[in-house]
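Reading through the structure tokens given below for one structure.
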Amino acid sequence: MSGIDKKSGDEHIGADHQLTDAHIGPDHQLSAPPRSGGGWILWTILLVAVVIGIYFFLHNRNASQNAQPAAGGGGRARMTGPVPVTVATATKGNIGVYLDALGTVTPVYTVSILPQASGVLTAVNYHEGQFVHKGDSLIDIDQRPYQATLMQAQGALERDNGILAQAQMDLDRYRTAWAKNAINKQLLDDQEKVVLQDQGTVKNDQGTVDYDQVQLSYCHIVSPIAGQVGLRLVDPGNVVQAGGTSPLVVITQMQPTTVIFILPEDSLAQVLGRMRKASLPVEAWDRNSTHKLATGKLSTTNNQIDTTTGTLKLRATFDNKNNALFPNQFVNTRLLVNTINGATLIPTGAVQHNGTASFVYLIANGAASVRNVKTGVSDNGLIAVEGINPGDQVATSSFDKLQDKSKVTISKQAAAANPTEGNTP
């Protein structure tokens, strides 16, 4: 009984629990925990939304840009009125054909004076940077030892001259006595030889005197050329030695001077052909080619081409009256080899380029038109062209705004700061 009652009681309790669960509504039931894999779906949706937003933003911006008016060809802003430009008139004239090269100022003479006499340096007779003439005194060396040596040589010469005179006098006596048969022939012959010996001694003494005079002259140093003295290299009181390698003074000729420059061997025939007909002018410009220093003439060329570089050295001579050219100075040279006569000339800045083609904006009747031209040599801001006529007006500014058939007004001031912009017609 007790076992049956217990079992029935358990069944009754289970039935009660099932009845209770059946009456609980879904709002009051506990929700199941979320699954861990559901978060990536939300992030994917957000990313797609961002991409779609960026696409519509860029699409709308491009549409607004395409709706704006644009000029044809180079994408320039269309002018609502005439373009202000400055103009230049093409002229007919002559223009030179130049060969440009790098050069170095090379003096005709540069003298480094070395000591040729030994002794104490007693005086320096020049100032640093002084311009001296040929024969001007520069340096003095103590000459007393050389004067004493010269005096000894002169004394020996006088003595031997006296001996020679005495021997010559005896020879005359022997000849008189031999004519009278007073002496034998041997005495006469011996005296003749004595005279010859004395004459040789006198010549030797004279050579010694001359040598000592030269040595004495080395004590007084004078300028061998006209030029400019450099910085002082020695001071009075120092002892110098003959044959030393340290110069006492350096003198450089300034007027005239030369410039040595180099041209490629391809220009040799052109230069030599013109040299046979006339002297070729050469201009020397500063390092930046902004200031002309001097004008000279081509004097000569080297006698062979440098095979390692394929170039030829040339020398031009300049008067250099104002000393604008300084020794070893770097210069830019311009050698005039030809002159083109009757060329049509316009400013170099008026020529624009579109790839390999060159063109100008021709201004006529208040409008600009593109005209293709063939360019030639240029010099001093001008360039020779073919394709337009002298008297035509060409634009020299506002190239970033000009187009073919643009309306223009002529202005006295440049309307564009950069005339090289927009050089496509």
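The values are calculated or read from the model by the stated rules, or taken from the named source; none is laboratory data. What you see is a predicted model, and the numbers here were worked out from it, not measured in a lab. Because the Cβ atoms are built from the backbone with ideal geometry, glycine has one as well, and the counts that use them run over all protein chains shown. Surface areas here come from the heavy atoms of the whole protein model, side chains and all, with no ligands, DNA or RNA. Shrake-Rupley method; radii C 1.70, N 1.55, O 1.52, S 1.80 Å.
In table form, for the structure just shown:
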{"read-out": "Convex hull volume per residue in cubic angstrom - Cα atoms of the stretch 235-387", "value": "222"}
{"read-out": "Residue order for LEU42, LEU345 - accessible surface, 1.4 angstrom probe, largest first", "value": "LEU42, LEU345"}
{"read-out": "THR348 versus LYS203: modelled label distance in nm, points set 7 Å from Cα along the beta carbon direction", "value": "7.3"}
{"read-out": "Debye intensity ratio in log₁₀ form over the Cα atoms of the stretch 251-319, taken at each q of 0.17, 0.20, 0.22, 0.27 Å⁻¹", "value": "-0.70, -0.92, -1.04, -1.23"}
{"read-out": "Sparse-neighbourhood loop sites, trypsin sites (Lys or Arg not before Pro) in the stretch 100-178 - DSSP loop, at most 14 other Cβ within 10 angstrom", "value": "LYS134"}
{"read-out": "Those residues of the stretch 170-200 whose amide nitrogen sits under 18 Å from the label point placed on ILE163, 7 Å along Cα→Cβ", "value": "170-171, 190-200"}
{"read-out": "Euclidean distance of C-alpha centroids, the stretch 170-216 and the stretch 267-307, integer Å", "value": "66"}
{"read-out": "Loop trypsin sites (Lys or Arg not before Pro), the stretch 76-132, which have at most 14 other Cβ atoms in a 10 Å radius of their Cβ (DSSP)", "value": "ARG78"}
{"read-out": "All Cα pairs of the stretch 291-348, percent lying beyond 19 Å", "value": "52"}
{"read-out": "Per residue Cα convex hull volume in Å³ - calculated over the stretch 109-164", "value": "132"}
{"read-out": "Carbon plus sulfur fraction of accessible area for the stretch 168-253, probe 1.4 Å, in percent", "value": "53"}
{"read-out": "For MET254, residues with placed amide H under 5 Å, excluding near neighbours", "value": "GLN228"}
{"read-out": "Cross-link pairs beyond the 24 Å C-alpha cut-off, checked among LYS277/LYS321; LYS92/LYS321; LYS134/LYS321; LYS297/LYS374", "value": "LYS277/LYS321; LYS92/LYS321; LYS297/LYS374"}
{"read-out": "11 Å reach of a label modelled at ASP379, 7 Å along Cα-to-Cβ, counting backbone N of the stretch 270-294", "value": "281-283"}
{"read-out": "Restricting the stretch 269-356 to trypsin sites (Lys or Arg not before Pro) in coil, as DSSP defines it, with at most 10 other Cβ within 10 Å", "value": "ARG276, LYS277, LYS321"}
{"read-out": "THR149/LYS180 FRET efficiency (R0 45 Å; Cβ-Cβ; nearest 0.05)", "value": "0.40"}
{"read-out": "C-alpha center-to-center spacing [the stretch 218-255, the stretch 346-390] in angstrom", "value": "60"}
{"read-out": "Tail weight of P(r) past 21 Å, computed on alpha-carbon pairs of the stretch 201-289, percent", "value": "64"}
